[in-house]
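Each remark here refers to the structure printed beneath this line.
The values are calculated or read from the model by the stated rules, or taken from the named source; none is laboratory data. None of these values were measured; they are calculated from a predicted model. Quick reminder, even Gly has a Cβ in these numbers, built from the backbone with ideal geometry, and neighbours come from all protein chains shown. Just the protein is used for accessible areas: all its heavy atoms, side chains included, with ligands, DNA and RNA removed. Shrake-Rupley method; radii C 1.70, N 1.55, O 1.52, S 1.80 Å.
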Amino acid sequence: MRRLGFLPAALLTAAALTACSTGTVEADDAKPAASGSANPSGAPGGTPQEAGLPLVEAIEAIPVAAEKRTGYERDSFKHWIDEDGDSCTTRAEVLLAEAVTAPAQGARCSLSGGSWLSYYDEVEVTDARKLDIDHMVPLAEAWDSGAYGWTPERREAYANDLGSDRSLVAVTAKTNRGKADRDPAQWMPPAESATCTYLVDWTATKLRWALTMDEDEKAALLRLAEPCADSVVEYEAAS
């Protein structure tokens, strides 16, 4: 089940401990369903980490490697597709899944009304046009961390990963654009209540897609995770 955006402080703490155990897959934009067997297209699938890992152990499990930005273009990741042919793109699918109050759905999946809670900054939004869909691990960061060697099909699967509620999240355009392609060594959500949830989401996404991290990123994650001792990371590996 997809996590709703920001929850008030007491609820967020409980949600972070539960939702923190459902994570996986990344900072800007959507959802093929996960399958249990390998898929030549590179779509999500594989074996879930059923027991989960404490956040610090999960961070330590991610390999350290130098980043490689050479050759990156945003268009290398085809995103906002209509994977299931229901006229709703990945963006719309995330908005529908994360709405606190469901929007009305018109022709070609046009949305009106509804409300959302952006957990990055604890802001309630009642106009879907003011929301961005954030790739938890931004496309450029994913490229730097291993996606440079993927097939176009696997990059498309990553950019539209609706198989995990960790991969894509509806947030205010202001916070998404402030984040840009930065990792947690360079940017964290402004709401203090978002810290542990964000770290779990980021870590689960990197594990799900077998991405690496650089030394500064890992050091920052370990430092920031110190107050999150009860947070648990669960993920299902993308094949």
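Computed values, structure above
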{"item": "Hey, residue 84 charged (D, E, K, R), part of a loop (DSSP other than H, G, I, E, B), open to solvent by 70 Å² or more (accessible area, probe 1.4 Å) and out of contact with any Asp or Glu (no Cβ under 7 Å at 6 or more places or on another chain) or not", "result": "yes"}
{"item": "Residue pairs meeting the criteria (Cβ under 7 Å; at least 6 apart or on separate chains; first closer than 15 Å to residue 126 by Cα, in the range 82-106; second of a type in the set (Phe, Trp, Tyr))", "result": "98/116; 99/116; 100/116"}
{"item": "Residue match in the range 143-151 (condition: among the small types (Gly, Ala, Ser) and open to solvent by 30 Å² or more (accessible area, probe 1.4 Å))", "result": "yes"}
{"item": "Some residue of the range 212-219 being among the β-branched types (Val, Ile, Thr) and closer than 19 Å to residue 134 by Cα", "result": "no"}
{"item": "Residues satisfying the stated conditions in the range 59-93, i.e. of a type in the set (Val, Ile, Thr) and either over 18 Å from residue 155 (Cβ atoms) or more than 19 Å from the chain's Cα centre (by Cα) (or both)", "result": "59, 62, 64, 70"}
{"item": "Residue match in the range 52-67 (condition: within 14 Å of residue 206 (Cβ to Cβ), assigned to a loop (DSSP other than H, G, I, E, B) and at pLDDT below 95)", "result": "no"}
{"item": "Within the range 57-75, tally of residues that are within 16 Å of residue 223 (Cα to Cα) and among the charged types (D, E, K, R)", "result": "2"}
{"item": "Selected residue (only one of 132, 181 is surrounded by fewer than 24 Cβ atoms within 10 Å (Cβ to Cβ) and over 22 Å from residue 93 (Cβ atoms))", "result": "181"}
{"item": "Filter result (buried (at least 24 other Cβ atoms within 10 Å of the Cβ) and not in a helix (DSSP H, G or I)) within the range 197-235", "result": "209, 213, 231, 233, 235"}
{"item": "Selection count, the range 99-156, where residues are assigned to a strand (DSSP E or B), more than 24 Å from residue 83 (Cα to Cα) and charged (D, E, K, R)", "result": "1"}
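Yes or no, residue by residue, for (1) open to solvent by 70 Å² or more (accessible area, probe 1.4 Å); (2) on the phi < 0 side of the Ramachandran plot; (3) among the β-branched types (Val, Ile, Thr):
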site: 57; (1), (2), (3): yes, yes, no
site: 60; (1), (2), (3): yes, yes, no
site: 66; (1), (2), (3): yes, yes, no
site: 71; (1), (2), (3): no, no, no
site: 96; (1), (2), (3): no, yes, no
site: 99; (1), (2), (3): no, yes, no
site: 104; (1), (2), (3): no, yes, no
site: 107; (1), (2), (3): yes, yes, no
